[in-house]
DNA sequence: TGCCCGATTAACT
DNA sequence: GTTAATCGGGCAA
């Protein structure tokens, strides 16, 4: 039986937590799968929502670690982050892609798609498949409806630049499972 | 109050 | 490769 992650998993540097999340199983109401792609954001990072200080929207990022920060992207999609480090450090990991393992029929229905590779391969896509919205903003990650299970086998993690940014575009703070078919975009192989 | 624009996605050419 | 969709946050005035 896989081991559940506790909230203390997140009470570390966001740059340790982010790669450690690859291979972790994330379920929401029993639906989800293995995390295969994430990005790290830190309050000193110009691309982070917390960079300019606390606001109504990013308040959860300034709270204690182990909670979900959900925001609206482009007025259309929802994206979910896991808050890390000590309260007030305002750092978080954006969950960008999941390899679906649990609840495939309901995810297909919500997404209106049959192709398993497109169900959760992107931050907006996975929130639609798991039905995560702003109603989940601020929820604890170690309590239902969230469930997190430690990885059961080793995974090979690769890093690269984050996606879709106009600031701090070169920081290599995107992490993913090497060779996964469920990434939102492939990682460029080292030259 | 007004204006610009984004941690995206899908549907184009 | 390019672009529309769509709207709240954040900042200037």
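The values are calculated or read from the model by the stated rules, or taken from the named source; none is laboratory data. Keep in mind the model is a prediction, meaning the values are calculated, not measured. So basically every Cβ, Gly included, is an ideal-geometry build from the backbone, and we count neighbours across all protein chains shown.
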**OP:** Go through (1) within 20 Å of residue A:173 (Cα to Cα); (2) assigned to a loop (DSSP other than H, G, I, E, B); (3) touching a helix residue (DSSP H, G or I) at 6+ places or on another chain (Cβ under 6 Å) one by one and return the number of the condition residue A:54 breaks.
**Re:** (1)
**OP:** Would you be able to tell me the number of residues in segment A:145-191 that are at negative phi and in a loop (DSSP other than H, G, I, E, B)?
**Re:** 32
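State whether the residues of segment A:132-148 include one that is more than 21 Å from residue A:6 (Cα to Cα) and within 14 Å of DNA strand B (Cβ to nearest atom).
Kept after step one, since they are more than 21 Å from residue A:6 (Cα to Cα), are these residues of segment A:132-148: A:133-135.
Those still in the list that are within 14 Å of DNA strand B (Cβ to nearest atom) too: A:134.
Yes: one or more hits.
For (1) within 24 Å of residue A:107 (Cβ to Cβ); (2) more than 16 Å from DNA strand C (Cβ to nearest atom); (3) touching a strand residue (DSSP E or B) at 6+ places or on another chain (Cβ under 8 Å), each residue gets a yes or a no:
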site	(1), (2), (3)
A:6	no, yes, no
A:10	no, yes, yes
A:13	no, yes, yes
A:23	yes, yes, yes
A:33	yes, yes, yes
A:44	no, no, no
A:47	no, no, yes
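Quick check on this structure: which one of A:69, A:74 is under 16 Å from residue A:11 (Cβ atoms), modelled with pLDDT of 95 or more and either more than 13 Å from DNA strand C (Cβ to nearest atom) or in contact with a helix residue (DSSP H, G or I) (Cβ under 9 Å, 6 or more places away or on another chain) (or both)?
After ruling out the rest, the residue left standing is A:69.
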Subject >> Complete set of residues in segment A:1-22 that are in a helix (DSSP H, G or I), more than 13 Å from residue A:92 (Cα to Cα) and in contact (Cβ under 8 Å) with a residue 60 or more places away in the chain >> reply: A:7
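Being farther than 28 Å from residue A:12 by Cα, crowded, with 20+ Cβ neighbours inside 10 Å and either within 16 Å of DNA strand C (Cβ to nearest atom) or within 18 Å of the chain's Cα centre (by Cα) (or both) narrows it down to one residue among A:129, A:97, A:92; which is it?
Values: A:97 fails: farther than 28 Å from residue A:12 by Cα; A:92 fails: farther than 28 Å from residue A:12 by Cα.
So the residue among A:129, A:97, A:92 that is farther than 28 Å from residue A:12 by Cα, crowded, with 20+ Cβ neighbours inside 10 Å and either within 16 Å of DNA strand C (Cβ to nearest atom) or within 18 Å of the chain's Cα centre (by Cα) (or both) is A:129.
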**OP:** Check off (1) within 16 Å of DNA strand C (Cβ to nearest atom); (2) within 20 Å of residue A:142 (Cα to Cα); (3) surrounded by 15 or more Cβ atoms within 10 Å (Cβ to Cβ) for residue A:102 and give me the number that stays unchecked.
**Re:** (1)
